[in-house]
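Q: The structure under discussion is supplied below as structure tokens; questions concerning it will follow.
The values are calculated or read from the model by the stated rules, or taken from the named source; none is laboratory data. All values reported here derive from a predicted model rather than from experimental measurement. Cβ sites come from the backbone with ideal geometry, for glycine too, and all protein chains shown count toward neighbours. To get the accessible areas, we keep the full protein, side chains included, count just its heavy atoms, and leave off ligands, DNA and RNA. Shrake-Rupley method; radii C 1.70, N 1.55, O 1.52, S 1.80 Å.
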Amino acid sequence: MTWVLGNLDPVLRALRQHVVYALVPVLLGLVLAIPLGRLANLNPTVRAVLTNAAGLLYTVPSLALFVFMPAVLGTQILDPVNVVVALTIYTVALLVRTVSDALTAVPGNVVDAANAMGYTPLRRFVGVELPLAVPVIVAGLRVAAVSTISLVTVGAVIGFGGLGLLFTEGFNRSNDAQIVTGIVLVLLLALVVDSALLLAGRLLTPWQRARTRKAGATT
Amino acid sequence: MNLFGWLFTPENWTMTGGILARLAEHLGYTALTLLVSVVVAVPLGAWIGHTGRGGFLVVGLANGLRALPTLGLLVLLATFLGLSLLGPLITLIVLAVPAVLAGTYAGIRNVDPAVVDAARGMGMRGPEVLWKVELPNALPLIIGGLRSATLQVIATATIAAYVSLGGLGRFIIDGLGQRDFSVMIGGSILVALLAIIADLLLGGLQKLIVSPGLQATGRTAAPRRLRAVPTRPEPVREAA
Amino acid sequence: MIEFRGVTKRFPDGTVAVDELDLVAEQGRITVFVGPSGCGKTTSLRMINRMIEPTGGELHVDGRDVLAADPAELRRGIGYVIQQAGLFPHRTIVDNIATVPMLVGSSKKAARDRAMELMEIVGLDTSMARRYPAQLSGGQQQRVGVARALAADPPVLLMDEPFSAVDPIVRESLQDELLRLQSELGKTIVFVTHDIDEAIKLGDRVAVFRVGGKLAQYDEPGVLLSRPVDDFVDSFVGRDRGYRGLGFLSSDDIPLGPLPVLSVGDPLPDDGWSLVVDGTGRPLGWVAAGDGPIGEDDVVPGGSLYTVGSGSLRGALDAALSSPSGQGVAVDADGRVAGAVTADAVLAALPAARDAA
Amino acid sequence: MIEFRGVTKRFPDGTVAVDELDLVAEQGRITVFVGPSGCGKTTSLRMINRMIEPTGGELHVDGRDVLAADPAELRRGIGYVIQQAGLFPHRTIVDNIATVPMLVGSSKKAARDRAMELMEIVGLDTSMARRYPAQLSGGQQQRVGVARALAADPPVLLMDEPFSAVDPIVRESLQDELLRLQSELGKTIVFVTHDIDEAIKLGDRVAVFRVGGKLAQYDEPGVLLSRPVDDFVDSFVGRDRGYRGLGFLSSDDIPLGPLPVLSVGDPLPDDGWSLVVDGTGRPLGWVAAGDGPIGEDDVVPGGSLYTVGSGSLRGALDAALSSPSGQGVAVDADGRVAGAVTADAVLAALPAARDAA
Amino acid sequence: ACGGGSDPLAGGGQPADTDQNTVVVGAANFTESQILASVFAQALQAKGVTVETRPPIGSREAYIPALKDGSIDLIPEYSGTLLQYLDKAATQTEPDQVYTALQSTLGTADPNLIVLDKAEAENKDAVVVTKETAAQLSAPTIDALAARCGELVFGGPPEFQTRPDGIPGIEKTYNCTFKSYRSLDAGGTLTVTALKNGDVQAADLFTTDPAIPANEFVVLDDPKSNFAAQNVVPLINKAKATPQVVDALNAVTAKLTTQELLGMGEAAGASDKPSVETIARDWLKRQGLV
Ligand SMILES: Nc1ncnc2c1ncn2[C@@H]1O[C@H](COP(=O)(O)OP(=O)(O)OP(=O)(O)O)[C@@H](O)[C@H]1O
Ligand SMILES: Nc1ncnc2c1ncn2[C@@H]1O[C@H](COP(=O)(O)OP(=O)(O)OP(=O)(O)O)[C@@H](O)[C@H]1O
Ligand SMILES: [Mg+2]
Ligand SMILES: [Mg+2]
């Protein structure tokens, strides 16, 4: 604790950096995963290709992926874009399947009803399928966000900022307090982001609460 | 520079500290981790799933540990335990247990309640229900959990190299230090290949030991309704 | 009017779901498709709004060639109601109903006002407008489904087993409601069911399909019951069809016999059964012969009641058969005892009623 | 014999699902529990094999106090069939059926042999033995469920809406199968359904529950139809109950009238309808008056047939009502025309049949 | 450099996208480098230069490309190893020779980079053994160790294994081939722990490491000068070396002695683990530089 108070500035700087490195990829990943997940549901082959590619990306160690990035992107070695892109790739890999599953789980008769009422495909996707997929997507997003927050720390090994610095530096100097601070902050950040997503998911799906209320009332 | 040349140089495979030796170490760490995780998590998950008590624990544990930064845990343990294998092993177990636990728990919970009810109605006692009905039916999800744990562990075992242990991560960390890109990429490719092969093997195992009655049989397999929370824990990787 | 001319549907896997169907669903009438599972009812219905593309033949809705129309637009002009309603779980009831008007460009306000009207029309309390579908019972959901299909005031309504997921009592009330609605709105309705009773009750004409997508018989329900064209239709229409057929024969000609009634407190009758009524003349039940005044406990619930005017021979016969005394209780529209009806009287009226039908 | 004595079930949340139930399910008979949803049928049934613990009262199965027995052992001696069968998806059909014998210690071989026998008994082809449940249709799965419950040859069988998930046609064949089986096996069966028709068809006695877990009426089905004790039972038993009640009255006393028959090729009758039979005397259909010889095309399918001996007044009346000529066709056990039955004759026989019942 | 090279680690040569006047200070991934980087950064700030600091980057093999591609502008360096990194054939070992050679080598290797004045402070890599091991040697020198190299496991940072003055240098200069090499870290906890626990018998540590006296380790002499002089020098992007910057940094190196370096290292090891910024600021204050 005394260590934290004495080093508030660098800790807060690391935290700020961490937030940026973690949240940008999550948001980007979500934005990319939605159309990809939709694409995956077009036919089984596309789905197989996309989910297998996603699974494959998952087997690439993150440290290696960070290091590959400049080669692929032509960026500078310490460019934060490397981390952001690498983590975005992980998020997309994680979410494509979730989005695809979520869209598959939309009740067939609801989609059918939408078609029968004369919805055009795009309008149906935005107006019916996507809202109904929100609960599952949010669940997947929570997983992705939490893992990304924890994954950002690895960047510290090769010179990117974030709370991982507290690990590498604390390790170099045998400073347990510093390492523990890092762990606690990562956990706290994950908790805060997770709760925020949970809350956002609730706000986006008022009909879900209606359902549980009813279920509660009838027992 | 030939990025893949390193992989195709035979002496890189056979020398002391070469690929074969590292591969063996990597497999060793992974196997040990999975063994311990299965021994701990399967009985625990099965018991919690069967009794229905402590489900919140599984969910909380799975979510909480996901956020725990592997690198942080690793270095923290290394400052206490030094260079022993114990630190990385604990770290990897902490990574693997939630996946196996959640898979087992979800597997047992997902068994059709009507089937469990029928089993009890036929006069099976608690352990019989668990052994003869719940576990065989939960097997696909249990192995699913094991598969995602395996993927994570293989990928993450590379960080053991950060605290001076062996395994394929050596190539990544040493290559990083030496700025030898071909070694790093070669090491990464090996890790990815290993993960894929392990996953295929486990997939084969699943086909072999899961009852054919549970494997999707085309038209008749009714699609299960998806839960709001994915029951099969997604593979999560925290460090490499 | 909906016209099928040689319409065929062969699925890519080779299944012929509908085979050279020729059929006209008349303007302002309810046409029911009925038949065993897999006989192509749903496929035929869904070709009308091009949810399924025919592979052969022609299909016209109100003179318009379905195959030449833009599907989305075509569908906006055809109401469609399916089993379990297929409501949008994420929208409130009023917004569910307002969907099509908003799709075709009505203002939100206008669409919602119309939706509120429709809720009343289908018998839903408007206080439910802000609820979500999950907060409604199955029967209420079906009403919302009907209201939603009616929202754009389409001349044509397609209904695919809309009531099969609700329990029998609610189903009956939904059927009655549909008949009431139809008597006001006069839509051209095609209704799919696999329940022959439902078909007979709702259909102006009933098309019986056989497996393989062939039309076996297309007739008015009374004709279907009395003259099935072959053994398939015969067996499908089922046992009891003689009795059920009475439901299509008017009971106007049945003479009512006198039915002396007693009240609670009167002395019990000397022999046989007597009907007991309340102060307003509504039947309470029967009492058997005995001594002393009639107590509440002496009254035995009676059989089914036969309502004069709105009744069929079926109701009259059942009233007679279910009464302990053999005398069915006929009541007027207010539920007051109007007289007695006997099974013999029903049988006597049968030939005349058959000729009249 | 299963005896409920003042059995009550109050769930921890305060719901009283079953309230002081007194009821005896007789040895070797089918007792049906029927009633609206949530009335406590399932709860009552499951207390018999202690899947639910009663909170009050006593329960005896074949004289043995259920509450004193070891639950697992008790259950092995009571067959239990539930909706959608609850089969073990990971075991083959034969192993599903062999479960209980193996549980009580039979050798694998003996248990499987027995299972194969049972497959035949419930009407399943033994070639399906090695399949898994997912590879069977719903109706076949239900048969497996019944076979599995019978495997240990338990004297008592509990069945909770076993047929409600299959379609009406399959359901009817399963019901018939159950009645056939029961006539051979003579088990003590308690059967839960919410379908009054099923209850009336299967039950030797029917217990009607009302919501709140109270027994409203417990009687033979014929009595239930003719004398519902109150308005609740009355409305639950439903319309057409007078007619349906005829199904429980024997038709033995109905006099058959003469029924002249023609063959294909004979000249058409001069007036009215005439019955046409084939070479063995089985009815082909009716022909209307006309000129010239009878062609195949002239024959109109007739009404339902009334089988002498095994028939009820219901069948006889329907045969008469559904015949175009007003004369129902009575056939003997071989399907040969035995004579004519008229509606008047049925009505005339009614009082005697009622007295006899 | 869109498209990048086949070896991204070679850097793209893209100019820094930061403000032209901002000096981006980097550090290697060990504590002393971080302290020195912070000293530089704060000294520059005190003189009104806009400074940005980057998290510690890793080994030289990582940060030199970062300097080249403009990701960072300034980093504390050590004259000898830098020279050897740039010119594997370099033989100079004396501080001034090394410094001069470095300047000329740098001029040809990468004209965009220059070194400023060297400090007197030296911090060399050194072969370090435990007291017990040293006691078994005839003399505390690498020469004396050479005979037993075959029985010993050597520990050091991954890059030491391939660096010219690392294992290859020791092998060449002293004919000493260790039994095996264990990759640890750059003079950090791992190496110290490994040596202390006997996981390795000899290790690469830095001469200023406070862990050496604390654990009674013995620094072996280097009579054949495998390790060149290692004076602290600021390595800087020429474009950023304005007179203002040069003056500020030269003022720092003028005061920086080996003793001062040791002092800061000890401060870092103190139980309250002050931040490197604090250590640097305290030192600068004491020296009257801020
Ligand atoms: N997309 C399809 N591809 C192949 N065959 C199909 C498809 N849809 C339906 N069929 C087949 O076409 C036939 C008719 O199906 P349809 O759904 O019209 O029957 P239905 O009369 O509505 O039956 P149900 O009462 O079960 O709803 C069936 O044999 C069915 O299996
Ligand atoms: N575990 C329980 N806890 C609380 N209440 C329960 C429980 N199980 C059943 N009930 C309640 O007890 C009542 C009777 O339930 P039961 O399942 O016996 O009804 P049922 O007659 O079988 O209905 P259905 O026809 O819907 O199957 C219902 O009100 C139900 O909600
Ligand atoms: Mg259909
Ligand atoms: Mg029930």
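Q: Looking at this structure, is A:L57 among the aliphatic types (A, V, I, L, M), closer than 25 Å to B:R147 by Cβ and modelled with pLDDT of 90 or more? Quick ask: steps written out before the conclusion?
A: Values: among the aliphatic types (A, V, I, L, M): yes; closer than 25 Å to B:R147 by Cβ: yes; modelled with pLDDT of 90 or more: no.
No; evaluated as a whole, the condition is false for this residue.
Q: From (1) open to solvent by less than 40 Å² (accessible area, probe 1.4 Å); (2) within 16 Å of ligand 2 (Cβ to nearest atom), pick out the condition that doesn't hold for D:L74.
A: Evaluating D:L74 over (1) open to solvent by less than 40 Å² (accessible area, probe 1.4 Å); (2) within 16 Å of ligand 2 (Cβ to nearest atom) leaves (2) as the failure.
Q: Let me ask you something else. Can you give me the ranges of the strands (runs of 3 or more DSSP E) entirely in the stretch E:82-184 with at least 3 residues that are within 14 Å of chain B (Cβ to nearest Cβ)? Working first, answer last.
A: On the way: elements: E:113-115, E:125-129, E:153-156, E:180-183.
Where strands (runs of 3 or more DSSP E) fall fully within the stretch E:82-184 and carry at least 3 residues being within 14 Å of chain B (Cβ to nearest Cβ), they are E:153-156, E:180-183.
Q: Right, something else. For the stretch C:327-336, which positions are open to solvent by less than 30 Å² (accessible area, probe 1.4 Å) and either closer than 13 Å to C:L256 by Cβ or free of Cβ contacts under 8 Å to residues at least 40 places away in the same chain (or both)?
A: Matches in the stretch C:327-336: C:G328, C:V329, C:A330, C:V331.
Q: Please specify each residue of the stretch D:26-43 satisfying the condition of being of a type in the set (G, A, S) and farther than 14 Å from D:A199 by Cβ.
A: Going residue by residue through the stretch D:26-43, those that are of a type in the set (G, A, S) are D:28, D:35, D:37-38, D:40.
Listed by number, the residues that qualify are D:G28, D:S37, D:G38, D:G40.
Q: Across the stretch D:81-138, what is the total count of residues that are open to solvent by 50 Å² or more (accessible area, probe 1.4 Å), within 11 Å of another protein chain (Cβ to nearest Cβ) and either closer than 18 Å to D:V170 by Cα or in contact with a His (Cβ under 8 Å, 6 or more places away or on another chain) (or both)?
A: Total satisfying the criteria: 4.
Q: Considering only residues of the stretch D:268-319 that are part of a strand (DSSP E or B) and among the aliphatic types (A, V, I, L, M), which is surrounded by the fewest Cβ atoms within 10 Å (Cβ to Cβ)? Break it down stepwise before answering.
A: Let us first name the residues in the stretch D:268-319 that are part of a strand (DSSP E or B), namely D:273-277, D:283-288, D:293, D:300, D:305-307, D:312.
Narrowing further to those that are among the aliphatic types (A, V, I, L, M): D:275-277, D:284, D:287-288, D:300, D:305.
Numbers: D:L275: 23, D:V276: 24, D:V277: 18, D:L284: 19, D:V287: 22, D:A288: 14, D:V300: 17, D:L305: 20.
Restricting to residues being part of a strand (DSSP E or B) and among the aliphatic types (A, V, I, L, M), the top hit is D:A288.
Q: List pairs: first in the stretch C:337-355 and farther than 30 Å from C:G279 by Cα, second part of a strand (DSSP E or B) and open to solvent by 20 Å² or more (accessible area, probe 1.4 Å), Cβ under 7 Å, 6+ apart or cross-chain?
A: C:A353/C:S250
Q: Could you list, in sequence order, the residues of the stretch A:21-56 that are open to solvent by less than 80 Å² (accessible area, probe 1.4 Å) and of a type in the set (V, I, T)?
A: A:V24, A:V26, A:I34, A:V46, A:T51
Q: For the stretch E:271-282, indicate whether the set of residues that are away from chain A (no Cβ under 14 Å) and not hydrophobic (A, V, I, L, M, F, W, C) is non-empty. Give the steps one after another, and end with the answer.
A: First, pick out the residues of the stretch E:271-282 that are away from chain A (no Cβ under 14 Å): none.
Within the stretch E:271-282, not a single residue is away from chain A (no Cβ under 14 Å) and not hydrophobic (A, V, I, L, M, F, W, C).
Q: Just to be sure, is C:A72 at pLDDT below 95 and either touching a helix residue (DSSP H, G or I) at 6+ places or on another chain (Cβ under 6 Å) or closer than 27 Å to C:L179 by Cα (or both)? Working first, answer last.
A: Numbers: at pLDDT below 95: yes; either touching a helix residue (DSSP H, G or I) at 6+ places or on another chain (Cβ under 6 Å) or closer than 27 Å to C:L179 by Cα (or both): no.
No; evaluated as a whole, the condition is false for this residue.
Q: Right, here's the next one. Count, please, the residues in the stretch D:204-232 that happen to be within 16 Å of ligand 2 (Cβ to nearest atom) and not polar (S, T, N, Q).
A: Residues in the stretch D:204-232 being within 16 Å of ligand 2 (Cβ to nearest atom) and not polar (S, T, N, Q): 13 in total.
Q: Within the stretch B:1-17, which residues are within 14 Å of another protein chain (Cβ to nearest Cβ), loosely packed, with under 15 Cβ neighbours inside 10 Å and within 27 Å of B:L201 (Cα to Cα)?
A: Matches in the stretch B:1-17: B:F4 only.
Residues are listed down the side, and each one gets a yes or a no for (1) within 16 Å of ligand 4 (Cβ to nearest atom); (2) under 19 Å from C:D219 (Cβ atoms); (3) modelled with pLDDT under 95:
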site	(1), (2), (3)
C:F11	no, no, yes
C:D19	no, no, yes
C:I30	no, yes, no
C:F33	no, yes, no
C:P36	no, yes, yes
C:C39	no, yes, yes
C:T42	no, no, yes
C:R50	no, no, yes
C:E53	no, no, yes
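Every residue, every condition in (1) open to solvent by 40 Å² or more (accessible area, probe 1.4 Å); (2) away from ligand 4 (no atom under 16 Å from the Cβ); (3) more than 13 Å from every other protein chain (Cβ to nearest Cβ), yes or no:
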{"site": "C:E172", "(1), (2), (3)": "yes, yes, no"}
{"site": "C:L179", "(1), (2), (3)": "yes, yes, yes"}
{"site": "C:L185", "(1), (2), (3)": "yes, yes, yes"}
{"site": "C:F191", "(1), (2), (3)": "no, yes, yes"}
{"site": "C:G203", "(1), (2), (3)": "no, yes, yes"}
{"site": "C:F209", "(1), (2), (3)": "no, yes, yes"}
{"site": "C:Q217", "(1), (2), (3)": "no, yes, no"}
{"site": "C:V223", "(1), (2), (3)": "yes, yes, no"}
{"site": "C:S235", "(1), (2), (3)": "yes, yes, no"}
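Q: Which residue pairs have Cβ atoms under 6 Å apart, sit 6 or more places apart or on different chains, and have a first residue in the stretch E:124-145 that is under 28 Å from E:L261 (Cα atoms) and a second that is among the small types (G, A, S)?
A: Pairs found: E:V127/E:A202; E:V128/E:A203; E:V129/E:A202; E:P140/E:A134.
Okay, residues lined up against (1) open to solvent by 10 Å² or more (accessible area, probe 1.4 Å); (2) more than 24 Å from B:D180 (Cβ to Cβ); (3) at pLDDT 90 or above:
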| site | (1), (2), (3) |
| --- | --- |
| E:S33 | no, no, yes |
| E:Q45 | yes, yes, yes |
| E:T53 | yes, yes, no |
| E:I72 | no, no, yes |
| E:D87 | yes, no, no |
| E:A109 | yes, no, no |
| E:K131 | yes, yes, yes |
| E:A139 | yes, yes, no |
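Q: For residues in the stretch B:44-75 being buried (at least 23 other Cβ atoms within 10 Å of the Cβ) and over 16 Å from the mean Cα position of the chain (by Cα), which is farthest from the other protein chains (Cβ to nearest Cβ)?
A: Only one residue fits best here, namely B:G49.
Q: Pick out the one residue from D:L67, D:L59 that is free of Cβ contacts under 8 Å to residues at least 24 places away in the same chain and aliphatic (A, V, I, L, M). Give the steps one after another, and end with the answer.
A: Details: D:L59 fails: free of Cβ contacts under 8 Å to residues at least 24 places away in the same chain.
Sole residue among the options that is free of Cβ contacts under 8 Å to residues at least 24 places away in the same chain and aliphatic (A, V, I, L, M): D:L67.
Q: Let me confirm something: among D:L103, D:L87, which residue is in contact with a helix residue (DSSP H, G or I) (Cβ under 6 Å, 6 or more places away or on another chain), away from ligand 1 (no atom under 16 Å from the Cβ) and more than 21 Å from D:V7 (Cα to Cα)?
A: Numbers: D:L103 fails: in contact with a helix residue (DSSP H, G or I) (Cβ under 6 Å, 6 or more places away or on another chain).
Going through D:L103, D:L87 in turn, just one is in contact with a helix residue (DSSP H, G or I) (Cβ under 6 Å, 6 or more places away or on another chain), away from ligand 1 (no atom under 16 Å from the Cβ) and more than 21 Å from D:V7 (Cα to Cα): D:L87.
Q: Given the structure, is E:T105 free of Cβ contacts under 8 Å to residues at least 24 places away in the same chain and either within 25 Å of E:F40 (Cβ to Cβ) or open to solvent by less than 20 Å² (accessible area, probe 1.4 Å) (or both)? Break it down into steps so the answer makes sense when it comes.
A: Numbers: free of Cβ contacts under 8 Å to residues at least 24 places away in the same chain: yes; either within 25 Å of E:F40 (Cβ to Cβ) or open to solvent by less than 20 Å² (accessible area, probe 1.4 Å) (or both): yes.
The answer is yes for E:T105.
Q: Then there's this: Residues in the stretch A:164-180: is at least one closer than 17 Å to B:L65 by Cα, more than 7 Å from every other protein chain (Cβ to nearest Cβ) and in contact (Cβ under 8 Å) with a residue 12 or more places away in the chain?
A: no
Q: If we scan the stretch E:209-227, do we find a residue that is on the phi > 0 side of the Ramachandran plot and either buried (at least 22 other Cβ atoms within 10 Å of the Cβ) or modelled with pLDDT under 90 (or both)? Step through it out loud before you land on a result.
A: Applying the first criterion (on the phi > 0 side of the Ramachandran plot) to the stretch E:209-227 yields E:216, E:225.
Applying the additional criterion that residues be either buried (at least 22 other Cβ atoms within 10 Å of the Cβ) or modelled with pLDDT under 90 (or both) yields E:225.
Yes, there is a match, as at least one residue in the stretch E:209-227 is on the phi > 0 side of the Ramachandran plot and either buried (at least 22 other Cβ atoms within 10 Å of the Cβ) or modelled with pLDDT under 90 (or both).
Q: Right, something else. Filter the stretch D:314-343 down to the residues that are farther than 21 Å from C:S226 by Cβ and of a type in the set (A, V, I, L, M) and list them by number.
A: If the condition is that a residue be farther than 21 Å from C:S226 by Cβ and of a type in the set (A, V, I, L, M), then D:A333, D:A338 are the ones that fit.
Q: If you take the residues of the stretch A:189-205 that are farther than 16 Å from A:L30 by Cα and facing chain B (nearest Cβ under 9 Å), which of them is surrounded by the fewest Cβ atoms within 10 Å (Cβ to Cβ)?
A: Out of the qualifying residues, it is A:L191.
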